[in-house]
């Protein structure tokens with residue numbers, strides 16, 4: 001049943017903070033497993049490199065599949081019900097890692113776990129947009145995203161610490177505890193439910209209803225920008241560590257993401273405020289340029305200076321770009337369509353980050369690592385051009401109600 005609600009006037013409410021904590025625990029599970037899963041598949045099942053890679057990416061594949069239907073499920077089930085159901089499955093999947101005795105079972109668990117993540121993440125992210133005052137949407141989205149930023153630093157560190165001795169059971173136990181905690185905090189969140197639209201005729205609602213339940217036409221243009229940038233960023237996630245290790249810079253690979261997380265934290269303290277007060281273009285163009293410069297820094301022969309510069313620039317660029325672009329996506333639709341818009345945004349992000357490495361892996365034998373990162377810098381520049389075409393030239397000034 002839809003629950004009418006007044007527009008929020010405060011940002012840091014009880015429900016906003018509870019949702020952020022729930023998102024922190026969900027993201028911790030994601031990064032704990034993404035960091036350790038390929039190695040676990042090799043150690044536990046003697047998996048080949050390709051099979052180990054599939055064990056890692058199966059989670060993202062499941063998330064992409066779930067997001068295809070998450071928007072429609074939000075309309076049918078409601079935000080709170082879908083979030084609780086998905087997080088129940090999310091917690092149960094964490095337990096089944098301990099019971100997976102074959103590589104095939106592990107792949108199935110990864111796929112289902114990713115689907116649960118995609119549904120839960122979409123439901124909570126959609127609900128949060130209704131908890132943020134419209135005039136502070138960019139700022140609030142950035143603050144909410146800090147919970148994910150924290151997990152990008154703590155999750156991989158915890159994974160290495162727990163699995164360092166080969167005791168992967170402790171990784172799965174922590175994931176189960178974090179998943180149960182996410183479910184508990186989500187149960188405490190009061191999620192506003194939009195009124196279901198009733199003005200469309202049955203015939204009109206039937207035409208293209210399946211596609212419209214998956215993709216929001218209004219949110220798709222800016223989501224394509226994040227798809228392009230996600231492909232570029234996927235090169236860092238997948239190939240930065242082996243690149244630096246091949247250059248005998250193993251320590252740089254370990255502190256890169258710590259620098260990245262710190263700069264993301266700093267950028268989100270002001271990026272959303274600038275967007276809310278000055279308009280989308282005032283922050284999106286600088287972020288896109290900074291991100292392109294960060295990718296370009298990796299195209300040089302690596303040194304401590306270039307790696308640190310790349311970490312800081314990509315942190316300021318891509319880290320702040322995500323919540324700012326998401327704010328544009330959700331601001332382009334009415335409240336009843338927030339679910340589909342959020343699903344569209346994260347679907348494109350997942351596709352870029354999840355499937356980008358497959359294409360980039362084909363470039364490395366021909367271009368080398370520096371050539372590959374150079375091509376990603378060009379791709380990031382194309383992201384600036386794409387932004388101008390789909391949104392930049394039409395962008396308005398500050399949001400309604402902004403100071």
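Taken together, the values in this text are just the output of simple stated rules run on the coordinates, not laboratory data. Computed from a prediction, not measured in an experiment: that's the story for all the values here. Neighbour counts run over all protein chains shown; Cβ positions are idealised from the backbone, glycine included.
Name the residues of the range 282-305 whose amide N is less than 16 Å from a point 7 angstrom out from the Cα of residue 359 along the C-beta direction?
Inside the label zone: nothing.
State the dimensionless ratio Rg/Rh of the range 103-151 (Rg: radius of gyration of Cα atoms; Rh: Kirkwood radius).
Here Rg/Rh amounts to 1.18.
If the chain between residue 237 and residue 285 were fully stretched, how many nm would it gain, using 0.36 nm times the residue separation less the Cα-Cα distance?
14.9 nm
Among 167, 23, 281, whose mean-square fluctuation peaks in a Gaussian network model of the chain (Cα, cutoff 10 Å)?
167
Place a point 7 Å from Cα of residue 367 in the direction of its Cβ. Which residues in the range 226-249 have their backbone N less than 14 Å from it?
The answer is 229, 231-236, 239-240, whose backbone nitrogens lie closer than 14 Å to the label point.
Per residue and in Å³, how big is the convex hull formed by the alpha-carbon atoms of the range 284-403?
It is 112 Å³ per residue.
Figure the gain on full extension for residue 184 and residue 390 (residue separation times 0.36 nm, minus the Cα-Cα span) and round it to one decimal in nm.
Computed gain between residue 184 and residue 390 is 70.2 nm.
Counting pairs of alpha carbon atoms under 8 Å apart in space and at least six apart in sequence, what relative contact order in percent does the chain give?
Reported as a whole number, the value is 25 percent.
Would you mind putting 312-325, 264-277 in packing order, based on average other-beta-carbon counts within 10 Å, highest first?
312-325, 264-277
At 222 nm, what value in deg cm²/dmol follows for the chain if DSSP H runs of at least 4 each add -39500 (n - 2.57) and the sum is divided by all its residues, to the nearest 500?
So the calculated ellipticity at 222 nm is -27500 deg cm²/dmol.
Give me the percent of Cα-Cα pairs in the range 330-389 that sit more than 20 Å apart, rounded to a whole number.
Cα-Cα pairs in the range 330-389 separated by more than 20 Å: 46 percent.
What translational D, rounded to a whole number of µm²/s, comes out for the chain from Stokes-Einstein when the hydrodynamic radius is the Kirkwood one over Cα pairs, at 25 °C and 0.890 mPa s?
For these conditions, the coefficient is 115 µm²/s.
Quote to one decimal, in nm, the extra length available between residue 173 and residue 270 on full extension: 0.36 nm per residue of separation minus the C-alpha distance between them.
Difference between extended and current length: 31.2 nm.
Please give the direction-averaged projected area of the C-alpha convex hull for the range 11-192, in square nanometres with one decimal.
Across all orientations, the range 11-192 yields a mean hull projection of 9.8 nm².
I want to check the label-to-label distance for residue 154 and residue 102. Put each point 7 Å from Cα in the C-beta direction and report it in nm to one decimal.
3.8
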